Amino acid sequence: MSLASPLALFWLATLIPVVVFYVLKIRLRRVPVSTILFWRQIYDEHQPRSIWQRLRHWLSLLAQVVLILLLVGALADPFFAWETRELRRIVLIVDNSASMNATDLSPSRLAAAKDESLRVIAGMRFRDELAVVTAGGLPRVVCGFSSHGRTLAHAVDDVMPTDNPTRVAEAVDLARRLIGERQDEHQREIVVLTDVGQLSNLPGPDAVDESRTGWKLAPRTVVRRFGTNAGNVGITQFQVRRSLINPLGYEILAEVTNASDDPVECRLEIDLNDDVVDVVPLKLSPGQHWSQSFEKTSADGGHLTAKLDRADVLAADNRAWAVLPKRELMPVTLVSEGNLFIQKVFESNPLVVLTRVEPMVWKPTSEPSVGVTVLHHHVPEKLPVGSVLVIDPRGGCDLWQLGEPVQNPIVNQQDKDSPLLSHVQLDNVVMPEARQVKFASDEGIKVLARSLAGDPLLATIERSGQKVLLLTVNLDEGDLPLRTAFPILMMNALNWFTENRGELRESLPTGAITEIDVTALNRIRRTEGVNPPSFLIANDDLGLGGLTPSARLIAPDGRRLALPMQSERLSLGPFDQCGVWRVVATESDTTLLELACNLADRNESDVRVPKSDELTPMSVVSASVLGNRPVWFWLIAFAWLLMAIEWWAYQRRVIT
């Protein structure tokens, strides 16, 4: 045994005055009495013969000596050699992913894992260190290395259930980095509490770590699995997109997976604002993935909800959501001498309110026009501000000058990432005639399609208060108007001009992170009629005159998260709960944006744990005979016990 504070042994000198006080004879007082007959008899019976006979209360002296020895021993802080040789540094990984919410273990797998975590904490020895890491979604350190059991227990209690996917492998990597930051001789252990059947990327007991941390052997990894071979049926995909043909239409893609060993019969119901859209009876064989697309129409939009009528051990994947924004009418002014292709492509769009104007009658204005202005052939010397679509210009303007005609241009380069060319292929389109274009300035110019000679065929121009889409192709001579690419291109152009207002955002999987445009939120705010001063705060980072909108993100369970809107792009997430998330103005609670979040993960829906892995026994070393208390704690405890015994003996007059 060694001492952490050997200088504390000098306190043993307090034994000297204690013994001296017991040895010294008490000086008698002189008191006059009427007779000494009885006092002499007592003196003769108890006459002391030596100094040691004066120690009549030796048991009391022994108790005082032992008490001092215990207190001094506690101050010296003794410890055994094996306590330093067998010190452990443990990282406890608690999987709080969606599958851990399964109720095949009462009340849930996560609750059983947290109980096991408390047992591991209770099994710590003194000087052991433990850290708590969660593996549901992005791995997170809940509590750093600590030896305080109560702090660690509170950290485990704070681990909340989520609908995130499992990220155990990433959590193990994080645990290795945490352990590798300390370069000492501690025993290193990683304890994983999860329901994942097969875990890769786990080192063996003699694996060598080649990182720059300096330690030689990889930590020993212990996996404790929770769960049974319970089956589950869930919605593993639910996405909605706009129809490429009908502007009011939308297409639903739904997938249901039977992650069980038995055939299942259930029913899938799809609702739009609580109104039934479709009901599909399902008969699924073991392990079957069923998927189907549905084509529907709606101008009002709302919340789409898919529901399974079968209750099972996991409720998170029995429902799925999608947000379908409302479609708004768009005024379009067509300035043309008459082109049926252009006129019909806009008339066939039920969202377009078309007004055709002769070029001789139309006059551009200096004020931004409402809607979109389409100029066919006729181009004024100065293009109007606002949204302008120019098709086959026959003259120049303030933004460009026309050159020689280009005969039979072939599309050589196409920006496939542009939303304007989404679902559009121009490679095999015949274009007998186009015009060379020389832009007056490169500011805001983006060429989306070029000919083999490098001439722009489709380009956008974005400047302050002006958005222009230029198509130099002659529609009268080519076959572009006869291709499906033309109406799709025109629909994409309208969406681009309106900045995709009314366009839906795809449903996000849990654990995802997405970006939104802050300026788009400002436009939505103005459209909804929110009073800007009610929720504008001072901020100079965005360059908006010292004003930045303040907003909050509201989770499906009602949690409110402040959004630091200090740049043009804002990252949201990770989304840890299934349902519809809302971005609202801070004070008015006006909804600016809605995002649907679903589990959409086959691995999480498959909650089966092989029977060989059920209730895997733990191999973590339990606490020593001293528990997780140091030696000085027990010395203090024995000192208190001795004081209590001495007090009881004195009160009972056991020591006479």
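Of Cys266, Cys578, how do they rank once you tally other Cβ atoms within 10 Å and put the fewest first?
Values: Cys266 18, Cys578 25.
Final ranking by Cβ density, sparse to dense: Cys266, Cys578.
Counting other C-beta atoms within 10 Å, which of Met160, Met330 has the fewest, and how do the rest follow? If you can, show how the numbers build up before the last one.
Details: Met160 10, Met330 22.
Lowest count first: Met160, Met330.
Could you give the distance between the Cα centres of region 98-114 and region 312-388, to the whole Å?
If we compute the Cα centre of each part, the gap is 53 Å.
Which lysines have a Cα lying under 28 Å from the Cα of Lys611, excluding residues fewer than 8 positions away in the same chain?
Candidates past the 8-residue exclusion: Lys114, Lys283.
Which net charge results when you count Lys and Arg as +1 and Asp and Glu as -1 among the other residues whose beta-carbon is under 12 Å from that of Gly137?
Numbers: positive: Arg140, Arg167; negative: Asp95, Asp163, Glu170, Asp576, Asp601, Glu604.
Net charge around Gly137: -4.
Starting with the fewest neighbours, write out Asp312, Asp317 ranked by other beta-carbon atoms found within 10 Å of each beta-carbon.
Numbers: Asp312 22, Asp317 29.
The fewest-first ordering by Cβ neighbours comes to Asp312, Asp317.
May I ask you to list the trypsin sites (Lys or Arg not before Pro) in region 265-354 that are in a DSSP loop and have at most 11 other Cβ atoms within 10 Å of their Cβ? If you can, show how the numbers build up before the last one.
On the way: sites: Arg267, Lys283, Lys296, Lys307, Arg310, Arg319, Lys326, Arg327, Lys344; in loops: Arg310, Lys326, Arg327.
When the trypsin sites (Lys or Arg not before Pro) of region 265-354 are filtered for loop state and at most 11 Cβ neighbours within 10 Å, Lys326 remain.
Select from Ile235, Asn246, Ala322 the residue farthest towards the positive end of the dipole of region 232-327; place +1 on Cβ of Lys and Arg, -1 on Cβ of Asp and Glu, and compute about the Cα centre.
Going by the Cα projections, it comes out as Asn246.
What's the ranking of 394-400, 372-378 by average number of surrounding C-beta atoms within 10 Å, highest first? Could you put the intermediate results ahead of the total?
Values: 394-400: 16.7, 372-378: 22.3.
Packing proxy ranking, top to bottom: 372-378, 394-400.
I need the phi-derived Karplus couplings for region 146-162: 6.51 cos²θ - 1.76 cosθ + 1.60, θ = phi - 60°, integer Hz, Gly and Pro marked x.
Going residue by residue, I get 8, 9, 8, x, 5, 4, 5, 5, 5, 5, 5, 5, 7, 6, 9, x, 9 Hz, with x marking Gly and Pro.
Checking the table Lys416/Lys438; Lys363/Lys446; Lys363/Lys416 against a 31 Å threshold on Cα-Cα, which pairs fail? Don't skip to the end; give the middle numbers.
Working: Lys416/Lys438 23 Å; Lys363/Lys446 27 Å; Lys363/Lys416 36 Å.
Over 31 Å apart, Cα to Cα: Lys363/Lys416.
For Lys326, list the lysines whose Cα falls under 21 Å from its own Cα; do not include residues on the same chain fewer than 8 positions away.
Leaving aside lysines fewer than 8 places away in the same chain, those within reach of Lys326 are Lys296.
For region 330-497, what proportion of DSSP beta bridges, expressed in % and rounded to the nearest 5, is antiparallel?
Details: 21 of 42 bridges.
Around 50 percent of the beta bridges assigned by DSSP in region 330-497 are antiparallel ones.
Since every read-out is calculated from the coordinates, none of them should be taken as a lab result. What you are looking at is a predicted structure, and each value in this text was computed from that prediction instead of being measured. Cβ atoms come from the backbone with ideal geometry, glycine included; neighbour counts cover every protein chain shown.
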